[in-house]
Amino acid sequence: MEADGGIGIGSSLATPPWAVRIRRANGTIAGSGILLSADRVLTCAHVVGREEEVTAEFVGAAAGGSGGFAVPEVAARVTGDAYRPEQRDRNGDPVGDVALLELDSPRPASEATALHRVSAPGRRVRMFGFPAHYNGGLWLPATILGGCGRDGQVQLQAADPGVVARPGFSGGGVVDLATDRVIGMVLARSREKGGGFSFMSPAETVVQHLPEVVAWTVGRTAVDEELRSAGSGDDEALLDQPFAERLAGWLRGGPGARQVKISLVPEDDRVRAATLRRAITLADRELRSRFSTGRPSLDAPDTVPEAGGLDLAVIATGRSTEEIAERIAGRMGLLQHLEVPAAERIAAATVTITLVVDGVDAAADPPSLIGLLGLLVARGSRVLLVFRSAGDHSARAREELLLRPALERRARLGERLARIAGGPGRELDHLMARVSGEGEPVEKAVDALIHVITARAELTAGQGAFAVRPEDGPDLARYERMAARAEHRLPQAIASLRELLVRRDELRGELGPYRRLYEESAALGENLAADELYLTAYRLLRERPCRVPAAEAAVRTFRNLVDRPEEHPAATEAPAPAEDPPPGAPPPHEGGTPT
């Protein structure tokens, strides 16, 4: 096994030696596994039966001979009670589906790998499995999207949505591209028809269900020892329920959740401190108890975050900014170029994390720590800062991490809304005054423009949702999504209206010549019906806004009369009275071409 739990750069394109193909007694491939030690294989519980004996095949092992390459085969079965079949909690979310197999005979220790603890969000990974028709195994690239349910599982999106983990991948390893380390196990693909997602149990979730796997798991745990709760919610006397609800809401994230949260937990407030530790413990994949993941239990409603709600929780008391930066960089998997300061590695990173820092104002250098956290926020990470008192450091954090970014973001939003309203918005309005657009694209564009104009007016005047302090204001991400919708929809509607305007001008160009042809035809004689058809087409083409489909139908009717006069005998009496022609319209039989 690699000393640090990696799979080895040299083998990254080959079938990894730790990859196990699991075959049933009838010869069918049941799934995949990960060799964690000389005699232990991690896999999914649905791959093997509780009492079933299977064959573990080591496709990537270096075995040969005069007869050619031979795949080593070893009988295996579930070890002890290390078997957690998939269950559904009361929310309908999947829980478990992990198992540990014991081999009848050991493999070389050099073939094994370890599970590596690392933050999950946004990571580019590769999953390895043994689907049908790929005897040597198959790599599939994917990206971790986010959490899935209360168990700490995460969702993977394949690079090609049509290529997801298929039967044979379950139990396979998931390798982080940045570190080349195994960070989790493939669970299953989405069951929805045409679904493009797969799922993974990160290392911490595996350890939560199978504590014995901690022996083959490397990397520091996500939560510092001082921030762990002895019990999750079992002592209601030490629960500040409103505070717990706010913490759980922030840790759940989702639309509308703030990127930065600042909380106050005084040194002598045992209840508030216990509530914070409880929330951190429940939000960690590895520390959260099986009872809490299986159902909400006796915890107060709305106080339980999902497992995986945080990626790292550190205690800052007495620690230097450099030490905390190294802790953060390690959790983010920034393990290359260790000679470069951790803050610089963090600044260049593409992954983001959800971070809790307790005791910011008790750190060795609070101002520099706040600066480090500001760097994370600027890169997109979510941060909860906990202070011991509402002093200068807390005020500085509010200024640098809440107020200033909010003002800058508001300014950028205002400029963006102004560009939309003054550019494509103005053009859309101008076109709609000339031609009438019908259909969903135009209707959606108009609706989007109305929202943009309304939001811009409220933002400029500091009214409506923007009447509060910037740091306490509305979720700007919602307004940014609204602006993005307008930027997408307005050009589509503008293109549609431009086509209608071109068609209107073409119809105007057709009507005049056909009018002259009609007047020059001595055989026609006087035809009051034809005169009415012409005036109808003329009037429709001069309307503002012009209803182009109706005008086109009227022009076509008049054109057909001119082209086939025998189908339209001359009328001796005028039809029912029509509207007077618009001012400036040439009356029938008096020459002239409409303009």
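What whole-number distance in Å separates the alpha-carbon centres of the stretch 371-421 and the stretch 448-512?
Here the two parts' Cα centres lie 27 Å apart.
Given H placed 1.01 Å from N in the peptide plane, which residues other than close sequence neighbours of GLY333 have an amide H under 5 Å from its amide H?
Distant-sequence amide H within range of GLY333: SER119.
Distances longer than 20 Å among the Cα atoms of the stretch 454-530: what percent of all pairs is that?
64 percent
Tell me the volume per residue, in Å³, of the convex hull enclosing the alpha carbons of the stretch 396-460.
Dividing the Cα hull volume of the stretch 396-460 by its residues yields 78 Å³.
Reported to two decimal places, what Rg/Rh ratio describes the stretch 493-555 when computed on Cα atoms with Rh from the Kirkwood expression?
Result for the stretch 493-555 is an Rg/Rh of 1.07.
Using a ≥ b ≥ c from the Cα gyration tensor of the stretch 326-418 (square roots of the eigenvalues), is it rounded, prolate or oblate, where a/c under 1.5 gives rounded and otherwise the larger of a/b and b/c decides, a/b for prolate?
Cα axes put the stretch 326-418 in the oblate bin.
Can you run phi through the Karplus equation (6.51, -1.76, 1.60; θ = phi - 60°) for the stretch 26-37 and list ³J(HN,Hα) in whole Hz, with x for Gly and Pro?
Rounded to whole hertz, the list is 7, x, 7, 6, 8, x, 10, x, 10, 6, 8, 8.
Rounded, prolate or oblate, given the Cα gyration tensor of the stretch 78-148, with a/c below 1.5 counting as rounded?
oblate
Ranking request for peptides 547-554, 27-34, 273-280: highest mean number of other beta-carbon atoms within 10 Å first, then the rest in descending order.
273-280, 27-34, 547-554
SER436's amide H: which non-local residues (gap 5+, or another chain) put their own amide H closer than 5 Å, with H modeled 1.01 Å from N in plane and none for Pro or chain starts?
CYS546, ARG547, VAL548
Report ³J(HN,Hα) in whole Hz for each residue of the stretch 113-127, in order, from the Karplus equation J = 6.51 cos²θ - 1.76 cosθ + 1.60 where θ = phi - 60°; Gly and Pro get x.
Calculated HN-Hα couplings, in order: 10, 10, 7, 10, 6, 7, 5, 9, x, x, 6, 8, 9, 10, 10 Hz.
When ranked by the protection proxy of mean other Cβ atoms within 10 Å per residue, highest first, what sequence do the peptides 462-469, 328-335 form? Present the calculation step by step, with values, prior to reporting the outcome.
Numbers: 462-469: 12.8, 328-335: 22.1.
The densest-packed peptide leads the list: 328-335, 462-469.
Can you run the Rg to Rh ratio on the stretch 405-559? Use alpha carbon positions and the Kirkwood inverse-distance Rh.
1.25
Laboratory data are not the source of any read-out in this text; all were calculated from the coordinates shown. What you see is a predicted model; the values in this text were computed from it and never measured. Glycine gets a Cβ as well: all are built from the backbone with ideal geometry, and neighbour counts include every protein chain shown.
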